[in-house]
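> Structure in structure tokens, see below.
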Amino acid sequence: MIKKLNHASKITSIILALSVSAGCSMNATKSTITPEQEKDIQACKTNLPSSKKIKKEAVTYGCLASLAFWKAIGQENPAALMCVAGGGAGFVLGDSVAERKCSYLNIANQLDGEIAHTSKTNGTFALFFIEQDLNLKLQQAQAEALLTAKEKASADKVALQKMQESLTEQLEKEQYLLTQMQEERQFKQETVNKAKQAKLEKEKIDMLTNEIKSLIDNIKKLRENNKSLRDIKETFAANTQ
């Protein structure tokens, strides 16, 4: 399986290029607001507790093992530069629900903002899932390599422990992202409901409704990949006890 991953480094350059454009697209176009309103918005965001903000990771999702770790298990790293594309929940979602609420002046503004945010989020997932799928293959390969070394009594106990800790940490990050996505789905549906009550443009309401449907599909994919990672972790744990 390790050899099958040799193409990953080639795909990395594509991912990096896409991430630049996708990252730029996450910046929503601001409505015209007064300096006083802008000041209030910034004050609102500043006063939010950290628990209400998306965790901004310095490195990408799935940047699980360093080159030194690969050498420790006797393998070459086929994707040493793969850890460049995203940033977990921060890369996918941008600002949190609470931060965006600070910027909305009324329900019409909120409807426009959530249409833009959901569209960009769904678009970013296309890139995120490319990276996530590559990382699942990498994690599977790492686990298999370590288990093979263990059978030959050549596996470093430190490397085995590091792999277990890395898988645990990654699962926690995925669960965090899933939790954030559920909050996003709920807030966007609340936006649709309020827009209907306010009798806003049906076309815009339908746009957000359709984006929510795509978001639900992306959440389903996240759950499937989360299960795959959990299976890797549980198999690895069962064979290293």
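> With the cut-off at 31 Å, tell me which of the pairs LYS56/LYS188; LYS55/LYS202; LYS52/LYS194 have Cα atoms farther apart than that.
Flagged as over cut-off: LYS55/LYS202.
> Could you check the spin-label model distance between THR46 and GLU224? Points 7 Å from the Cα along Cα→Cβ, value in nm.
Modelled inter-label distance: 4.6 nm.
> So if we plug the beta-carbon distance of ASP217 and GLN164 into 1/(1 + (r/R0)^6) with R0 = 35 Å, what FRET efficiency do we get, rounded to 0.05?
Details: r = 32 Å, r/R0 = 0.91.
The calculated FRET efficiency here is 0.65.
> Can you give the extra length, in nm with one decimal, that the chain gains between ILE130 and LEU178 once fully stretched, where that is 0.36 nm per residue apart less the Cα-Cα distance?
Additional length available on full extension: 15.5 nm.
> Right, here's the next one. How large is the accessible surface of VAL158 in square angstrom, using a 1.4 angstrom probe and rounding to the nearest 10?
Roll a 1.4 Å probe over it and VAL158 shows about 100 Å².
> So if R0 is 51 Å, what FRET efficiency would GLN241 and ILE33 give, r being the distance between their Cβ atoms, rounded to the nearest 0.05?
0.30
> Run down the aspartates and glutamates and flag those whose C-alpha is under 13 Å from the C-alpha of LYS220, throwing out any fewer than 8 positions away in its chain.
GLU174
> Another question about this same structure. Keeping all protein chains in position, work out how much accessible area ILE41 exposes to a 1.4 Å probe, and write it in Å² to the nearest 10.
Approximately 10 Å² for this residue.
> Which order do peptides 101-108, 129-136 fall in by mean Cβ count within 10 Å, highest first?
129-136, 101-108
> Could you give the length gained by full extension between ASP156 and LYS204, i.e. 0.36 nm per residue of separation minus their alpha carbon distance, to one decimal place?
That works out to 11.5 nm of additional length.
> Points 7 angstrom from Cα along the Cβ direction at ALA116 and GLN186: gap in nanometres?
Label at ALA116, label at GLN186, 2.6 nm between them.
> Which length gain, in nm to one decimal place, applies between LYS194 and ILE107 when the Cα-Cα distance is subtracted from 0.36 nm times their residue separation?
In short, 30.6 nm is gained.
The values are calculated or read from the model by the stated rules, or taken from the named source; none is laboratory data. Remember, predicted model here, so these are calculated numbers, not experimental data. As a convention, Cβ positions derive from the backbone with ideal geometry for all residues, glycine included, and neighbour counts pool all protein chains shown. Accessible surface areas use protein heavy atoms only, side chains included; no ligands, DNA or RNA. Shrake-Rupley method; radii C 1.70, N 1.55, O 1.52, S 1.80 Å.
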